[in-house]
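This report refers to the structure that appears directly beneath it.
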Amino acid sequence: MEIAKLVRMANQIGRFFAAQRGRDPAAAIADHLNKFWEPRMRAEIATHLAGGGAGLDGPVRDAVGRLREAQLLSVRV
Amino acid sequence: MTTRILVPGDAAARAVGADRVAAALQAGIERRGLAAAIVRTGSRGLFWLEPMVEVETADGRIAYGPVAAADVAGLLDAGLLEGKPHALRLGRPEEIPFLKRQTRVTFARCGIVDPQSLDDYRAHGGYRGLARARELGPAGTVAEVTASGLRGRGGAGFPAGVKWQTAADTPAGTKYIVCNADEGDSGTYADRMLMEGDPFAVIEGMTIAGYAVGAAMGYLYIRSEYPDAILAMERAIATARHAGVLDGFGLEVRVGAGAYVCGEETALLESIEGRRGQVRAKPPLPAHRGLFGRPTVVNNLVTLATVPAILADGAAAYAALGTGRSRGTMPIQLAGNVRHGGLFEAPFGLTLGKLVETVGGGTASGRPVRAVQVGGPLGAYFPPALFDTPFDYEAFAARDGLVGHGGVVVFDDTVDMAHQARFALEFCGIESCGKCTPCRIGAVRGKETVDRILAGENRDANLALIEDLCQTLRDGSLCALGGFTPFPVMSAIRHFPEDFRRRRLPATVA
Amino acid sequence: MPLVPELDYGTPASPSAEAVGLTVDGNRVTVPAGSSIMRAAMTAGIQVPKLCATDSLAAFGSCRLCLVEIAGRPGTPASCTTPVAEGMVVSTQTERLKRLRRGVMELYISDHPLDCLTCAANGDCELQDMAGAVGLREVRYGYKGENHLDAAKDESNPYFTFDPSKCIVCSRCVRACEEVQGTFALTIQGRGFDSAVSAGMAEKFIDSECVSCGACVQACPTATLMEKTVIETGVPEHSVVTTCAYCGVGCNFKAEMRGDELVRMVPSKEGKANHGHSCVKGRFAWGYANHRERILKPLVRERIDQPWREVSWDEAIGRVASEFKRLQEKHGRRSIGGITSSRCTNEETYLVQKLVRAGFGNNNIDTCARVCHSPTGYGLKSTFGASAGTQDFDSVEHADVVIVIGANPTDAHPVFASRLKKRLRQGAKLIVIDPRRIDLVRTPHVEAAFHLALRPGTNAAILNALAHTIVTEGLVNQAFVRERCDLQAFEYWAAFVSESQNSPETVGPLAGVPPEAIRGAARLFATGGNGAIYYGLGVTEHSQGSTAVMAIANLAMATGNIGRPGVGVNPLRGQNNVQGSCDMGSFPHEFSGYRHVSDDGVRSTFEASWGRPLDAEPGLRIGNMFDAALDGSFKGLYVQGEDILQSDPNTHHVAAALAAMECVVVQDLFLNETSTYAHVFLPGSTFLEKDGTFTNAERRINRVRRVMAPRNGMADWEITLAIAHAMGFDMSYGHPSEVMDEIARLTPTFAGVSYELLDRVGSVQWPCNAQAPVGTPVMHADAFLRGKGNFIITEYVPTDEKVGPRFPLLLTTGRILSQYNVGAQTRRTANVIWHDADVLEIHPHDAEQRGVRDGDWIRLDSRTGATTLRARVTERVAPGVVYTTFHHPETQANVVTSDYSDWATNCPEYKVTAVQATPSNGPSDWQRDYGEHARASRRIEKTAAE
């Protein structure tokens, strides 16, 4: 999938949860991605993070890092 | 000292040259350097004497009339300012029998005061009524009006106090007073005379009504055919507002657009709201849900203009006048083929015959009276045989007639009563709002049926059909327009049957 | 199956709780205070003759047939306008009344054509009935008098005729236009005998303000206003009650038939959403069912550049199954998916998602609600706990202040709009938040107290500014918040909205709205009594769609406007079954009843019931499917009843994605735009041909009943079953009711729903279960479904779609009254006379700058594409904003829309596209190319047999 689009979508999600108070934005973002993103989308964004994650905002990087797909990648690496 | 000369500014007087008389007087005074001033008043209501000029002298007012502009020089020469003799001199107006016989309560000031002078109004007892109302409080005021026995002078004769009480008892943040001055009955002019001759009485009456029922806004609905009255009321309202006597009561004039049916209270409300003048079904009564859906008192102008006097002098004084359940006075308007046409205010109870023959002096043509229509175009035609009917709501109703707004139109023996019956149906057809079926279609079918009778077609069957139709109109119509049209039609058939059976030339049918 | 009878009580029901007892013709009857005598009589089974009275309209009292006598009262009052009183003794049939009624009827008939036998209303005419009822035997006036028998007919409306020669001037049409529809297009002109019904200022109906809602036709007691179909076909003889398949209002109709021919659709008085009202679409625009372009046989082809080949159902279904199986074998389980439609029934939708989840073995199932109201589901679930509107439509009758934001009800939800306008005429206040001056801003006897004409894309900012005013001016309903909401969340939110970046003074200039107007609107909403918010796609179809929905929910909670009639958050759903398709588990991440696929407990219930292991991971959403298709990992798609090519944004992108798939299966009525990229076409059936249920915007589950047999020979649900069977997954149902039984079994909020219940009570609003056996009109009455109401911070984030020198205008899109969605249905009806092409609304200032005049061709360019359409120069849009509709494939408005989308749900940002508009002399290259492609792609090869 077009990675720029996934990055933009992830950052949109990140922006929303970063504004919330009283909860960990990265956890909320990761939860949202797990609930609404199909596995291949999560895998692609995780791969993108593994490759440097260009364009991903701070808390989003954090969140993507917590995805099972990212952890599987790091295990593989 | 400047002498006041009083020349009526009333539209009826103006119609017979009062303006020209006033101008001639003004010119004469100036030319002669006289210390005199002309005041335009309302009319006394003695129309066969208009223009009737009065002058204030040491002996009180002296009247002259009917005065033409050409008479002015002679009058001044004769010593008009001192009330000196002249062929047109009528003497003290109060002594003229037509006036002397009257009991003027509602019209007490009309023709006497300068209608646009608030001071004059006050000097003649104005605003005593409102002051007393404030002493009595709203509930006391309503009680006073109820106790006076005052009934609606528009025609229905509904007790004004009961109507006020209903509106007062209906809870609402906004209520309205509506004064019905859509005076459309043939031969009537009482509303117009009051607006032109004593507008502050109307204003005070509406203010009292507003105070009594808790309404802060009043609308005065005047027919467009009364331009002078509209102007007079608008000027008086502005004066009252500037003088602060309205005391927060909002008052606006609304002008009709030529529909007779807008004199019907619910059609009038529709018209004020900006819609077609179409009758509303009742209930709801306007006192419950009227103008803009708010509790509204709709009273005839004469009713409201009588209220200040009732409050000022007490309900008992008013209730002491009259007969039966018709209390107080009625401004009767004599018109048509009558020698002494004019406004005659008297306690209820006078017989129709006395009114026509004695007060009115019989017909203007000098021929015998054949019929009198009382209560406007939808009133019954009474033959001389019914002249013993006293002027009284119930007495008229008992003889299938109505008092209405007090219009009395006299006809001599040249009248064709079948044509009058046809006219009533034609009038109903022209003025019908078109809402209810009996009136919308019935009036036209009625006229066509009378035409067939006039043409001699199946007379008996068609007369029976007219009778049936009248029953449908009377019991089936939504408002009094259709409901009352049978009065003139059936009274003509009943009292003058010969006119419906006469052989006619075809030409007269059209 | 006779005509479904509807009693006419003559006057509306009285809302009073007080009971009044009276006697009518010796029968004791008790009715609510304020009822008319006529209604009381009818309650006692006594039909007082009447013509001008009908229970959808306030009593009028003009026909004078319903006169009665009341003991102790003078005269013969009209029973329609006279209210009952305790102890009243009424006689409806006396000699006097009989004579009177005959007298009135004699007058009526003296001005009426004597052509009953050849009249279109013969047998369905109240005048005829009443002439009989009153025993009229002769008309003594004759027929030579003045009359209206030569009055000219007006046949200008495509659906009904107006024949004034048959008019009895009862004003029912005029009153219906005013009271029911609120358009005020009709009037009585003239007086007395000349009184006549007139459209506008003596115009033809088609030239007047008439919106063809049919209320006048419905109200007419004679043949004066008559459906042309009745004139052509004859009076219907049997009927079936069903539910309209257009917008989300969910009107009930009686489909009235002669034999198996549909004669007319008549709005049902029993319909709880419409109460007997209708709009031009539901009432009249059903002719597409018989349109010559209907496809009735399955079609297949190998490649999209080939012509279609008509095949048997077996061959078509076999092809679908073999292709899907092949693709899954080659590209993996998740390489195929399905899309359900909000136009289909709950049962059909449920089966498609079941096919995908259990038959395909993945969760690649999405629905068109993705592109309209998915943010509503997400936003309201997060704040209230339920993905649905909180009220019933009746609630609007109790509202005192109404906010309409991002919705245009008079065009898109006309029957609701009429009910709203009625409430506004009664004095409720209106706040419109919309970039366009929609009709509601100023329409007869209705004027918005505030119109906040914001720049497209600033909803969240404006909503925050309203909240800022309410919080900082101390207008919060503290008691409600304390008792019903999560206090910590409220504190966070209150602190956030109080920040200066959310003040009207900051937001106003960026949104293009005067700060004082924002403050005024906020004060009015917070202090004006019952406050209700109605919104549409102008809220959801943004990159911050979900944020704006939450901001709306926050506003409702902060002002205590939740949990009772007259208040609430009310999403106006665009299509008939948006709510239902979402409820049925059409979203890739959740099962029916909004339960996430990752929930092991829920999933295992479905696994047990369906007998298949189910995927615990969310599937692809529509937009993701396209991306994955272009990626090469998504190869096959089953689309039921949805035209994704025309309706989804960025048409180039969608077309490319479809072209990249190996098996696209379209099930539809017509060869729609998507089908031009399809390999298998399965002919579907119209709502008239099916049994099922639709769930409208108020969560109301309405029955759809089969009026005629499916013209294609197979019901839509059976097609899905056949595909499943061919793929080796057996679903076995004998009737859609059995599908509903399964839904009820597996979905707690639907537990009490059954066809038996629906047939018995008409319709129910979910939740419908043991706690609420006949449904739930108002949700969150005592507590929010999620427990405490959850305030969520709704920071305004401007969209990435920005205007600049190349694209200086903002395009926003919407719909129009006469057309529906992609127009597949309405374009195939006479509705095209009102809107035969999409046009571009442009402000005179912008038009002048570009040298564009009204009616000129105008080319619209965006970052994604270009299209050409005619200009309509109007001040309805603000300078800098242009607007169009997406009803016509010739325009393909979505060629220019972007693929930006809502952050939470991927709902496309249809409502904001930066564009340039320039004068043009004809269609764009894309339009020409696409037109060629579409024509070629729709060829059908004749079979040898024919």
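The values are calculated or read from the model by the stated rules, or taken from the named source; none is laboratory data. Computed from a predicted model, the values in this text were never measured in an experiment. Using ideal geometry, Cβ is built from the backbone for each residue, glycine included, and neighbour counts are taken over all protein chains shown.
Hey, B:His288 hits all of (1) touching a residue at least 40 places away in the same chain (Cβ under 8 Å); (2) surrounded by fewer than 21 Cβ atoms within 10 Å (Cβ to Cβ); (3) not in a loop (DSSP other than H, G, I, E, B) but one; which does it fall short on?
Among (1) touching a residue at least 40 places away in the same chain (Cβ under 8 Å); (2) surrounded by fewer than 21 Cβ atoms within 10 Å (Cβ to Cβ); (3) not in a loop (DSSP other than H, G, I, E, B), B:His288 violates only (3).
Could you please find all residues in the range C:773-784 being buried (at least 17 other Cβ atoms within 10 Å of the Cβ) and part of a loop (DSSP other than H, G, I, E, B)? Lay out the reasoning, then the answer.
Step one: filter the range C:773-784 for residues buried (at least 17 other Cβ atoms within 10 Å of the Cβ), giving C:775-780, C:784.
Across the range C:773-784, the qualifying residues are C:Gly775, C:Thr776, C:Pro777, C:Val778, C:Met779, C:His780.
Would you check if there is a residue in the range B:128-145 being within 25 Å of B:Val359 (Cα to Cα) and either among the aromatic types (Phe, Trp, Tyr) or free of Cβ contacts under 8 Å to residues at least 60 places away in the same chain (or both)? First the steps, then the outcome.
Pass one, the range B:128-145, residues within 25 Å of B:Val359 (Cα to Cα): none.
Checked against the condition, which is being within 25 Å of B:Val359 (Cα to Cα) and either among the aromatic types (Phe, Trp, Tyr) or free of Cβ contacts under 8 Å to residues at least 60 places away in the same chain (or both), the range B:128-145 yields no hits at all.
Count, please, the residues in the range C:662-702 that happen to be among the acidic types (Asp, Glu) and more than 30 Å from C:Cys768 (Cβ to Cβ). Give the derivation first.
Within the range C:662-702, the first condition is being among the acidic types (Asp, Glu), and the residues that meet it are C:662, C:668, C:673, C:689, C:691, C:698.
The next check asks that each one be more than 30 Å from C:Cys768 (Cβ to Cβ); those that pass are C:662, C:668, C:673.
Residues meeting the conditions: 3.
Taking the conditions exactly as written (more than 9 Å from every other protein chain (Cβ to nearest Cβ) and either touching a helix residue (DSSP H, G or I) at 6+ places or on another chain (Cβ under 7 Å) or surrounded by fewer than 24 Cβ atoms within 10 Å (Cβ to Cβ) (or both)), does B:Gly442 satisfy them or not?
Details: more than 9 Å from every other protein chain (Cβ to nearest Cβ): no; either touching a helix residue (DSSP H, G or I) at 6+ places or on another chain (Cβ under 7 Å) or surrounded by fewer than 24 Cβ atoms within 10 Å (Cβ to Cβ) (or both): yes.
No, not satisfied.
Kindly state which helices (runs of 4 or more DSSP H) lie completely within the range C:285-394 and contain at least 1 residues that are surrounded by fewer than 20 Cβ atoms within 10 Å (Cβ to Cβ) and within 14 Å of chain A (Cβ to nearest Cβ).
Numbers: elements: C:313-331, C:346-354, C:374-383.
Where helices (runs of 4 or more DSSP H) fall fully within the range C:285-394 and carry at least 1 residues being surrounded by fewer than 20 Cβ atoms within 10 Å (Cβ to Cβ) and within 14 Å of chain A (Cβ to nearest Cβ), they are C:313-331, C:374-383.
Test of understanding: among B:Ala455, B:Ala480, B:Ala464, which residue is touching a helix residue (DSSP H, G or I) at 6+ places or on another chain (Cβ under 7 Å), more than 7 Å from chain C (Cβ to nearest Cβ) and surrounded by fewer than 24 Cβ atoms within 10 Å (Cβ to Cβ)? Even if it seems obvious, please write down each step before you answer.
Numbers: B:Ala480 fails: touching a helix residue (DSSP H, G or I) at 6+ places or on another chain (Cβ under 7 Å); B:Ala464 fails: touching a helix residue (DSSP H, G or I) at 6+ places or on another chain (Cβ under 7 Å).
On inspection, the qualifying residue turns out to be B:Ala455.
What number of residues within the range C:397-413 are surrounded by fewer than 23 Cβ atoms within 10 Å (Cβ to Cβ) and closer than 10 Å to C:Arg815 by Cα?
Residues meeting the conditions: 1.
Hey, C:Pro221 hits all of (1) crowded, with 24+ Cβ neighbours inside 10 Å; (2) away from every other protein chain (no Cβ under 14 Å) but one; which does it fall short on?
Result: C:Pro221 fails condition (2) only.
Can you tell which of C:Ala526, C:Ala522, C:Ala495 is among the small types (Gly, Ala, Ser), more than 26 Å from C:Thr813 (Cα to Cα) and touching a Pro at 6+ places or on another chain (Cβ under 9 Å)?
Values: C:Ala526 fails: touching a Pro at 6+ places or on another chain (Cβ under 9 Å); C:Ala495 fails: touching a Pro at 6+ places or on another chain (Cβ under 9 Å).
Every option except C:Ala522 fails the conditions.
Which condition does C:Pro456 not pass, out of (1) assigned to a loop (DSSP other than H, G, I, E, B); (2) touching a Pro at 6+ places or on another chain (Cβ under 9 Å); (3) surrounded by fewer than 21 Cβ atoms within 10 Å (Cβ to Cβ); (4) not basic (Lys, Arg), if it passes all the others?
Single failed check for C:Pro456: (3).
If you take the residues of the range C:153-195 that are closer than 29 Å to C:Leu440 by Cα and small (Gly, Ala, Ser), which of them is farthest from the other protein chains (Cβ to nearest Cβ)?
C:Ser156
Being under 30 Å from B:Ala424 (Cβ atoms) and of a type in the set (Val, Ile, Thr) narrows it down to one residue among B:Val178, B:Val145; which is it? Show your work before the answer.
Details: B:Val145 fails: under 30 Å from B:Ala424 (Cβ atoms).
Going through B:Val178, B:Val145 in turn, just one is under 30 Å from B:Ala424 (Cβ atoms) and of a type in the set (Val, Ile, Thr): B:Val178.
Of the conditions (1) crowded, with 24+ Cβ neighbours inside 10 Å; (2) in contact (Cβ under 8 Å) with a residue 12 or more places away in the chain, B:Asp416 satisfies every one except a single condition; which number is it?
(1)
Residue-wise test of (1) closer than 22 Å to C:Tyr930 by Cβ; (2) in a strand (DSSP E or B); (3) touching a residue at least 24 places away in the same chain (Cβ under 8 Å).
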site	(1), (2), (3)
C:Asp846	no, no, yes
C:Gly851	no, no, yes
C:Leu860	yes, yes, yes
C:Arg872	no, yes, yes
C:Ala878	no, no, yes
C:Tyr883	no, yes, yes
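Could you list, in sequence order, all residues of the range C:837-864 that are under 23 Å from C:Asp648 (Cα atoms) and either among the aliphatic types (A, V, I, L, M) or crowded, with 22+ Cβ neighbours inside 10 Å (or both)?
Correct list: C:Ala837, C:Asp838, C:Val839, C:Leu840, C:Ile858, C:Leu860.
Before we move on, is C:Thr76 within 8 Å of chain B (Cβ to nearest Cβ) and within 21 Å of C:Asn27 (Cα to Cα)?
On the way: within 8 Å of chain B (Cβ to nearest Cβ): yes; within 21 Å of C:Asn27 (Cα to Cα): yes.
Answer is yes for this residue.
Would you mind listing the helices (runs of 4 or more DSSP H) fully within the range C:151-249 where at least 3 residues are at pLDDT 95 or above and either closer than 21 Å to C:Asn274 by Cβ or touching a Pro at 6+ places or on another chain (Cβ under 7 Å) (or both)?
Details: elements: C:172-175, C:215-219, C:228-233.
Of the helices (runs of 4 or more DSSP H) lying wholly inside the range C:151-249, those with at least 3 residues that are at pLDDT 95 or above and either closer than 21 Å to C:Asn274 by Cβ or touching a Pro at 6+ places or on another chain (Cβ under 7 Å) (or both) span C:172-175, C:215-219.
So which residues in the range B:67-85 are part of a loop (DSSP other than H, G, I, E, B) and on the phi < 0 side of the Ramachandran plot?
Let us first name the residues in the range B:67-85 that are part of a loop (DSSP other than H, G, I, E, B), namely B:67-68, B:79, B:83-85.
Of everything in the range B:67-85, those that are part of a loop (DSSP other than H, G, I, E, B) and on the phi < 0 side of the Ramachandran plot turn out to be B:Val67, B:Ala68, B:Lys84, B:Pro85.
From C:Asp600, C:Asp643, C:Asp668, C:Asp627, which residue is within 14 Å of chain A (Cβ to nearest Cβ) and either touching a helix residue (DSSP H, G or I) at 6+ places or on another chain (Cβ under 7 Å) or not hydroxyl-bearing (Ser, Thr, Tyr) (or both)? Talk me through it step by step, then tell me what you get.
Numbers: C:Asp600 fails: within 14 Å of chain A (Cβ to nearest Cβ); C:Asp643 fails: within 14 Å of chain A (Cβ to nearest Cβ); C:Asp668 fails: within 14 Å of chain A (Cβ to nearest Cβ).
None of the other options fit; the residue is C:Asp627.
Kindly evaluate C:Val48 against the criterion of being more than 21 Å from C:Ala131 (Cα to Cα) and either more than 11 Å from every other protein chain (Cβ to nearest Cβ) or outside any loop (DSSP other than H, G, I, E, B) (or both). Write out each step before concluding.
On the way: more than 21 Å from C:Ala131 (Cα to Cα): no; either more than 11 Å from every other protein chain (Cβ to nearest Cβ) or outside any loop (DSSP other than H, G, I, E, B) (or both): yes.
In short, no.
Can you find, within the range B:225-257, the residue that is farthest from the other protein chains (Cβ to nearest Cβ) among those that are in a loop (DSSP other than H, G, I, E, B) and surrounded by fewer than 13 Cβ atoms within 10 Å (Cβ to Cβ)?
Looking only at the range B:225-257, we keep the residues that are in a loop (DSSP other than H, G, I, E, B), and these are B:225-226, B:244-249, B:256-257.
Going one step further and asking which of them are surrounded by fewer than 13 Cβ atoms within 10 Å (Cβ to Cβ), we end up with B:244, B:247-248, B:257.
Numbers: B:Gly244: 33, B:Asp247: 29, B:Gly248: 24, B:Ala257: 11 Å.
The extreme case among them is B:Gly244.
Within the range A:23-35, is even one residue facing chain C (nearest Cβ under 10 Å), more than 22 Å from C:His542 (Cα to Cα), of a type outside the set (Val, Ile, Thr) and touching a helix residue (DSSP H, G or I) at 6+ places or on another chain (Cβ under 6 Å)?
No, every residue in the range A:23-35 fails to be facing chain C (nearest Cβ under 10 Å), more than 22 Å from C:His542 (Cα to Cα), of a type outside the set (Val, Ile, Thr) and touching a helix residue (DSSP H, G or I) at 6+ places or on another chain (Cβ under 6 Å).
Please work out if B:Gly210 is out of contact with any helix residue (DSSP H, G or I) (no Cβ under 9 Å at 6 or more places or on another chain), in contact (Cβ under 8 Å) with a residue 24 or more places away in the chain and either of a type in the set (Gly, Ala, Ser) or not in a loop (DSSP other than H, G, I, E, B) (or both). First the steps, then the outcome.
On the way: out of contact with any helix residue (DSSP H, G or I) (no Cβ under 9 Å at 6 or more places or on another chain): yes; in contact (Cβ under 8 Å) with a residue 24 or more places away in the chain: yes; either of a type in the set (Gly, Ala, Ser) or not in a loop (DSSP other than H, G, I, E, B) (or both): yes.
It is true that B:Gly210 is out of contact with any helix residue (DSSP H, G or I) (no Cβ under 9 Å at 6 or more places or on another chain), in contact (Cβ under 8 Å) with a residue 24 or more places away in the chain and either of a type in the set (Gly, Ala, Ser) or not in a loop (DSSP other than H, G, I, E, B) (or both).
Output the residues belonging to the range B:313-356 that are in a strand (DSSP E or B) and within 24 Å of B:Val415 (Cβ to Cβ).
Applying the first criterion (in a strand (DSSP E or B)) to the range B:313-356 yields B:322-323, B:326-327, B:329-336, B:342-347, B:351.
Selection gives B:Ile332, B:Gln333, B:Leu334, B:Ala335, B:Gly336, B:Gly342, B:Leu343, B:Phe344, B:Thr351.
Return yes when B:Tyr221 is out of contact with any strand residue (DSSP E or B) (no Cβ under 9 Å at 6 or more places or on another chain) and either of a type in the set (D, E, K, R) or not assigned by TED's automatic domain parsing to the domain that holds B:Tyr393 (or both) and no when it is not.
Numbers: out of contact with any strand residue (DSSP E or B) (no Cβ under 9 Å at 6 or more places or on another chain): no; either of a type in the set (D, E, K, R) or not assigned by TED's automatic domain parsing to the domain that holds B:Tyr393 (or both): yes.
When the stated conditions are applied, B:Tyr221 does not pass them.
Applying the selection to the range C:73-127, what residues are surrounded by 15 or more Cβ atoms within 10 Å (Cβ to Cβ), closer than 22 Å to C:Ala151 by Cα and without any contact (Cβ under 8 Å) to a residue 24 or more places away in the chain?
C:Cys116
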